[in-house]
Amino acid sequence: DGGITQSPKYLFRKEGQNVTLSCEQNLNHDAMYWYRQDPGQGLRLIYYSQIVNDFQKGDIAEGYSVSREKKESFPLTVTSAQKNPTAFYLCASSHLNTRDLQTRRAFFGQGTRLTVV
Amino acid sequence: GQNIDQPTEMTATEGAIVQINCTYQTSGFNGLFWYQQHAGEAPTFLSYNVLDGLEEKGRFSSFLSRSKGYSYLLLKELQMKDSASYLCAVRDRTGTALIFGKGTTLSVSS
């Protein structure tokens, strides 16, 4: 069954600790994205990647890091430098180089809710 | 800079029609998407516009005017299950990143 999988669904972290959120897709998508969503807010772009071993900062990259060693995987590390990490994190993926532009739509994982305790 | 504006909240009654507007100012344009998001869940795709005009898909339609930087999502025959947030998103000039507005929370009452 094809899709995009995020784990874990809920994550608790102590202040000062780094934590890594997993995102895997088997849709053969080129691009992958990480978004953060706070209550009453839209999705804000953290990082995105168009190709293996390459990624770009989004609007709120400070305090986060990513890697793209495999096409299927795009893990996000929330570092201790992120001042307010409690949020809902969404991973997404999409095709990039298809003629039908609608197929370039983003598919989302179910999200990881991170809470700092 | 990039800016996408939507109303924060809207209310409507079952069976009615509601129009959710979205205006955008972005550096380049490669298509506009509408997503639906129920609380605590992932957004799901509703519609896509890249050319001016109306795209209809069942009870949902979306309109785009590129010259005005304007789109709307039209929901007909509203049902209680349509209570959700509706997110407008624009693909940027690189054709890669999706930039989202803050979303419009729609409450449907009986």
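When every residue of the stretch B:65-86 is checked against the conditions, none turns out to be touching a Gly at 6+ places or on another chain (Cβ under 7 Å), closer than 18 Å to A:Leu43 by Cα, among the charged types (D, E, K, R) and in contact (Cβ under 8 Å) with a residue 60 or more places away in the chain. Among the residues making up the stretch B:61-95, a single one is touching a helix residue (DSSP H, G or I) at 6+ places or on another chain (Cβ under 9 Å) and either hydroxyl-bearing (Ser, Thr, Tyr) or more than 12 Å from chain A (Cβ to nearest Cβ) (or both): B:Leu75.
The criterion of at least 2 residues that are of a type in the set (A, V, I, L, M, F, W, C) and modelled with pLDDT of 95 or more is met, among strands (runs of 3 or more DSSP E) falling completely within the stretch A:56-112, by A:76-78, A:87-94.
Kindly evaluate A:Gln82 against the criterion of being under 28 Å from B:Trp34 (Cβ atoms) and either within 14 Å of chain B (Cβ to nearest Cβ) or free of Cβ contacts under 8 Å to residues at least 24 places away in the same chain (or both). It is false that A:Gln82 is under 28 Å from B:Trp34 (Cβ atoms) and either within 14 Å of chain B (Cβ to nearest Cβ) or free of Cβ contacts under 8 Å to residues at least 24 places away in the same chain (or both). Quick check: is even one residue across the stretch B:34-49 more than 11 Å from chain A (Cβ to nearest Cβ), assigned to a strand (DSSP E or B) and either modelled with pLDDT under 95 or over 27 Å from A:Ala87 (Cα atoms) (or both)? The answer is no, given that none of the residues of the stretch B:34-49 is more than 11 Å from chain A (Cβ to nearest Cβ), assigned to a strand (DSSP E or B) and either modelled with pLDDT under 95 or over 27 Å from A:Ala87 (Cα atoms) (or both).
The values are calculated or read from the model by the stated rules, or taken from the named source; none is laboratory data. What you see is a predicted model; the values in this text were computed from it and never measured. Counting neighbours? That spans all protein chains shown, and the Cβs are built from the backbone with ideal geometry, glycine included.
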